[in-house]
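A short worksheet on the structure shown next.
A short reminder: the numbers here are calculations on the coordinates, not readings from a lab. Since we're looking at a predicted model, the values are computed, not measured. As a convention, Cβ positions derive from the backbone with ideal geometry for all residues, glycine included, and neighbour counts pool all protein chains shown.
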Amino acid sequence: MRLTKPQLEPIYPYEFTIPEDAVDENGHVNNVTYVQWMQDAAVRHYEAMGGRQITLDLGATWVVRSHTVEYLSPAYAGERIRVLTWVANMRRVRSLRRYRFIRAADEQLLVRGETDWVFVDIKTGYPRAVPPEVTDLFTLVSDGQEP
């Protein structure tokens with residue numbers, strides 16, 4: 001069952017304003033919060049492409065194998081943040097997704113990260129090959145094309 005790929009850019013953007021509850025006792029966004037925002041960005045992108053329903057229909061899900069996060073500059077409540085996310089590669093049972101968090105006001109790169117996702121069968125809990133119905137949704141972004 002091959003579907004037509006949605007006409008989205010391969011690098012998915014969205015913006016939000018940092019809420020007060022994202023700030024820790026140091027007065028800036030808590031480091032762990034970025035990991036949640038990475039997952040939120042991935043889910044938003046996947047849903048925008050129609051991937052969530054396809055994955056459910058296949059009896060599968062994505063689970064995180066690992067996160068890598070590099071914190072470059074602090075961010076504060078009330079600031080507008082632009083998140084960029086894209087898929088860098090798609091392997092047999094895994095996919096590497098990357099992220100950039102940029103302060104909208106001055107274009108300062110705040111955080112860069114990546115998540116290694118594993119495609120898993122819901123019933124067995126074991127990894128399974130990522131099918132064409134899923135791989136065909138994405139245009140991979142190579143290192144030279146990254147923002």
Charge dipole (the chain, unit charges on Cβ, about Cα centre) - positive-most of H28, L140, L109: L140
Computed over the chain: longest principal axis from alpha-carbon atoms vs helix 31-48 long axis, angle to nearest 10 degrees, is 40 degrees
Whats the longest run of the chain with zero GluC sites (Glu not before Pro) that are DSSP loop and have at most 15 other Cβ atoms within 10 Å? 26-106
